[in-house]
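Student: Have a look at this one before I ask anything.
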Amino acid sequence: ITPAVDAFSKEIAEFLKETGDKIQLTGHTDSDGEDDYNMELGLKRANEYKDHLMSLGVPEAQIEVSSKGESEPAVPNDTPENKQRNRRVTVQIIE
């Protein structure tokens, strides 16, 4: 986890604990690998971030996880740098 991600994580954890809002974490992958594998990998990414937020005190009931696998790239999967950008977890406040 980079310092920027760590700072964001702490900020979102405090927000969730204060408001009681729920959050949706969606895992994404690049286009390498089979569709089924990428769906599982995206879910694993989202669950790892869920575990991190829970370690910061966010109750599990406030966190939902899902995976989009490779189906919603942020950028084209045409360079190693772009593939790296597509390996991510998106965060959405849902309540």
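The numbers here are math on the coordinates, done by the rules we state, and not lab data. What you see is a predicted model, and the numbers here were worked out from it, not measured in a lab. Cβ coordinates were reconstructed from backbone atoms using ideal geometry, including for glycine residues, and neighbour counts include every protein chain displayed.
Student: For the condition charged (D, E, K, R), within 13 Å of the chain's Cα centre (by Cα) and loosely packed, with under 14 Cβ neighbours inside 10 Å, what is the one hit in D35, D21, D78, D51?
Tutor: Selected residue: D51, the only one of D35, D21, D78, D51 that is charged (D, E, K, R), within 13 Å of the chain's Cα centre (by Cα) and loosely packed, with under 14 Cβ neighbours inside 10 Å.
Student: Which one of these does Q92 not meet: (1) loosely packed, with under 12 Cβ neighbours inside 10 Å; (2) under 13 Å from the mean Cα position of the chain (by Cα); (3) farther than 15 Å from L25 by Cβ?
Tutor: Going through (1) loosely packed, with under 12 Cβ neighbours inside 10 Å; (2) under 13 Å from the mean Cα position of the chain (by Cα); (3) farther than 15 Å from L25 by Cβ one by one, Q92 breaks only (3).
Student: I've got another one for you. Please go through region 7-23 and pick out each residue that is touching a helix residue (DSSP H, G or I) at 6+ places or on another chain (Cβ under 9 Å), within 15 Å of Y49 (Cβ to Cβ), of a type outside the set (A, V, I, L, M, F, W, C) and not in a loop (DSSP other than H, G, I, E, B).
Tutor: Result: S9, single match.
Student: Of a type in the set (D, E, K, R) and either in a helix (DSSP H, G or I) or in contact with a helix residue (DSSP H, G or I) (Cβ under 6 Å, 6 or more places away or on another chain) (or both), is that true of E64?
Tutor: Taking the combined requirement at face value, the residue does not satisfy it.
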